[in-house]
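Everything below concerns the one structure shown next.
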Amino acid sequence: MIKRFFILSSLCMVLGVSAQKSHTVVQGDNPYNIAKKYGITVDELLKLNPKHKDGKLAIGDVLTVKTEKAAAIVAPKTVAPEKVGTIAGTPVGKIILQPKQTIYGITKQYRISETDLRKLNPELDSHMKIGDEITLPLTSIKKYGGDQPTVTTTTVTKPVETPVEKTVTTTATPAVEGETYVIQAKDNYYRITKQFGISQQDLYALNPGLEEKGLKPGETIKIKRSNTETVVETTNTKAKMDAGNENSSTASNNVVVGDDYVTYTVQQGDTVFSIVNKFGVSIDELIALNPDLSKGLKSGMVLKIKKQDPVYVKKNGDALSVVMMLPFGYSTNETQYRAMALDFLTGAKLAIERNARGGQKLDVKIVDSGNEASFKNSLTQINPENTDLIIGPFFKSNVIDVLDFTKNQKIPVVAPFANTPDLYNYSNLIIVETNNQTYADKLVEEVKAVYSDQKIYVVADAKKENANYIKSGLEKAVKNLNIVIVNSPADIQLDQNMMTGQSAPVIAVLANDDMGEVFANKVIALSKEVQGVKAFSMFYSPVFEKKVDDLSQASLVYLMDRKINTDGNFEKEILAAYKSKYCKTPPKYAIVGFDVVNDMLTRENKKGEIFKQMNKVQTQLATKFEFVKSKANGAYVNTGYRVIRLVP
């Protein structure tokens, strides 16, 4: 006897007429957040407003939107099993399509065949825009979805002989008003940050105390940053960690790298002078590309900034061909850098597997780069005609050898550690390490912000290059400065108030990378004698973390190339994944390996045009990546860093 199965769906008989109303576009609106506000898809919104089918909206535009229908009666309806396919008799749910998700990526992530995916989504090809909803088996969403945002869960009955009515539960996305958002029961940090296009650190900075108390349904939080707000990541009650170069992440959102030109959307407060300074172009060049500037600069104008450099395009095939050159030293029987290379590789493998699970097709080859003397032999293992990205080698002379070897193909080459001015002439080079000048510039900015007629001491190293650079920068920024370069922290002395004869606080700056402990002890001693001592360091020292309480009395500010925000969800996920895979926390070079490889792979598009994505500011597990062109046709250099502030 053939057993008949019935699957229940809902048939809604509406009492009353669907209402329609209008929405006036305000600053910050886009089709995605408007559609979510009124519980409709982006496609439905654009169909209701054919004049805006290109998705372009202007402030003041009036859009027609659907409200939710009036009360409805749910009645059972029998559906033939063959219409559902292989998932008949199983619960299904819906996910919100996120940036970079593809049909291939969804099938791999959720372990579903493309045939079944299309049966669940008959109009799949026309519903693959960011914000669209994709139907999937509920068990797959729960098992493989992670923090993937979901908006609808439709319960379908298990096979039974008699239909039994089930309800359809829908979680509607709440309205967004201006710069605020009301937290919903199923919200998490991932869902909110992805929905509104901000980082978790931005979210914490906009909502002081949110990190400590967590997300509470019904509370209103800020989800948009004004021009005056600064991004800060709180690491503990005593220390605050800045994302570094705080305002640039906002500006980068208004920069678009197209096929031909880099463009910029003018913001309120911009001037022609500030724009030419921002992008390093002349006023004549800017006006030549934008003749309308002669009529004046207006907010919202999209300006052509400069001709885009020719970009590298992937050689062939679907997979991105990546070569990693690491100094294992097996071929030369040298072990000097082997541990470093092996640690780097463990972090890199975690990043590779993570991106592959997301649907990225990768063909990765590991090359033993040996040592500097034997390096050229390792180049014979690389086929430049079929290589799309080279990560490594570690040493400067080897990096130059690779650049010369690939100069005809202009293959993107990533230097994880080498950073010297003579490398800046190579247009296909990506330099990860931030240089000392960038740190010194930031320190000048920090000291200037707190300066109030104090005497300034700068502790120099033997060459005094960093100290002289900082002194020169401060003398340009502040008039009538009393600044002294000293050779040791022992030379720092409290000043004397000429009126009262009492000791007066000073500003102490460390521009030496091997005197951290001596500097810390001196600053602590001075701050116990008199209040108001301020301390700054270009370099990190482990003693800074050991003596947080004492150094916070001097409001120590120091810079780091890498720092993990252990309270972040992304960071917790990566740390847990590494520990699960390798049974330990990631060492220093494993962190570098993950950050470098994950950052590079997330900038790649299907064509391998990595240079088109270099304007994006991204923070990985511990490293902030903010690349700038060193010159018109030069290397991309990372200017990102972490700022740690110890607060009393």
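The values are calculated or read from the model by the stated rules, or taken from the named source; none is laboratory data. Predicted, not measured: the structure shown is a model, and the values here were computed from it. No Cβ is skipped: glycine too gets one built from the backbone with ideal geometry, and neighbour counts run over all protein chains shown. Surface accessibility is based on the protein's heavy atoms, side chains included, excluding ligands, DNA and RNA. Shrake-Rupley method; radii C 1.70, N 1.55, O 1.52, S 1.80 Å.
When segment 451-508 is examined, which residues are found to be assigned to a strand (DSSP E or B), of a type in the set (Val, Ile, Thr) and touching a residue at least 40 places away in the same chain (Cβ under 8 Å)?
Listed by number, the residues that qualify are ILE456, VAL458, VAL459, ILE507.
Residues PHE570, PHE544, PHE594, PHE625: which one is in contact with a helix residue (DSSP H, G or I) (Cβ under 9 Å, 6 or more places away or on another chain) and farther than 24 Å from GLN101 by Cα?
The match here is PHE544.
Given the conditions (1) among the small types (Gly, Ala, Ser); (2) closer than 26 Å to THR438 by Cα; (3) open to solvent by 60 Å² or more (accessible area, probe 1.4 Å), report the number of the one that ALA635 does not fulfil.
(3)
Do you know which of the residues in segment 263-279 that are in a loop (DSSP other than H, G, I, E, B) and out of contact with any strand residue (DSSP E or B) (no Cβ under 8 Å at 6 or more places or on another chain) is modelled with the highest pLDDT?
Taking the candidates together, the pick is GLN267.
For segment 115-137, give me the residue count where each residue is in a loop (DSSP other than H, G, I, E, B) and surrounded by fewer than 19 Cβ atoms within 10 Å (Cβ to Cβ).
Within segment 115-137, residues that are in a loop (DSSP other than H, G, I, E, B) and surrounded by fewer than 19 Cβ atoms within 10 Å (Cβ to Cβ) number 6.
Of the residues LEU289, LEU293, LEU320, which is in contact with a helix residue (DSSP H, G or I) (Cβ under 7 Å, 6 or more places away or on another chain), of a type in the set (A, V, I, L, M, F, W, C) and either modelled with pLDDT of 70 or more or farther than 30 Å from ASP363 by Cα (or both)?
Exactly one of LEU289, LEU293, LEU320 is in contact with a helix residue (DSSP H, G or I) (Cβ under 7 Å, 6 or more places away or on another chain), of a type in the set (A, V, I, L, M, F, W, C) and either modelled with pLDDT of 70 or more or farther than 30 Å from ASP363 by Cα (or both), namely LEU293.
Determine whether ALA525 is in a helix (DSSP H, G or I), among the hydrophobic types (A, V, I, L, M, F, W, C) and surrounded by fewer than 16 Cβ atoms within 10 Å (Cβ to Cβ).
Spelling it out, ALA525 is indeed in a helix (DSSP H, G or I), among the hydrophobic types (A, V, I, L, M, F, W, C) and surrounded by fewer than 16 Cβ atoms within 10 Å (Cβ to Cβ).
Residue under question is GLU446, and the condition is that it be open to solvent by less than 50 Å² (accessible area, probe 1.4 Å) and acidic (Asp, Glu); does it hold?
Yes; evaluated as a whole, the condition is true for this residue.
Using the structure shown, decide if ALA351 is assigned to a helix (DSSP H, G or I) and either under 23 Å from PHE594 (Cα atoms) or modelled with pLDDT under 90 (or both).
For ALA351, the condition - assigned to a helix (DSSP H, G or I) and either under 23 Å from PHE594 (Cα atoms) or modelled with pLDDT under 90 (or both) - is met.
Does THR602 meet the test of being within 16 Å of the chain's Cα centre (by Cα) and of a type outside the set (Lys, Arg)?
Judged against the criteria, THR602 is a match.
Which is among the hydrophobic types (A, V, I, L, M, F, W, C), in contact (Cβ under 8 Å) with a residue 40 or more places away in the chain and either out of contact with any Ser or Thr (no Cβ under 8 Å at 6 or more places or on another chain) or open to solvent by less than 40 Å² (accessible area, probe 1.4 Å) (or both), of ALA348, ALA415?
The conditions single out ALA348.
Looking at GLN496 and the list (1) modelled with pLDDT of 95 or more; (2) open to solvent by 70 Å² or more (accessible area, probe 1.4 Å), which single condition is not satisfied?
GLN496 satisfies all of (1) modelled with pLDDT of 95 or more; (2) open to solvent by 70 Å² or more (accessible area, probe 1.4 Å) except (1).
Just checking, which of ASP343, ASP318, ASP292 is of a type in the set (D, E, K, R), touching a Pro at 6+ places or on another chain (Cβ under 7 Å) and open to solvent by 20 Å² or more (accessible area, probe 1.4 Å)?
ASP343
Against the definition (part of a loop (DSSP other than H, G, I, E, B), over 17 Å from LEU429 (Cα atoms), at pLDDT below 90 and among the hydroxyl-bearing types (Ser, Thr, Tyr)), how does THR585 come out, yes or no?
No: the conditions fail for THR585.
So ALA576 passes all but one of these: (1) more than 18 Å from ASN355 (Cα to Cα); (2) free of Cβ contacts under 8 Å to residues at least 12 places away in the same chain. Which condition number does it fail?
Going through the list (1) more than 18 Å from ASN355 (Cα to Cα); (2) free of Cβ contacts under 8 Å to residues at least 12 places away in the same chain, ALA576 breaks only (1).
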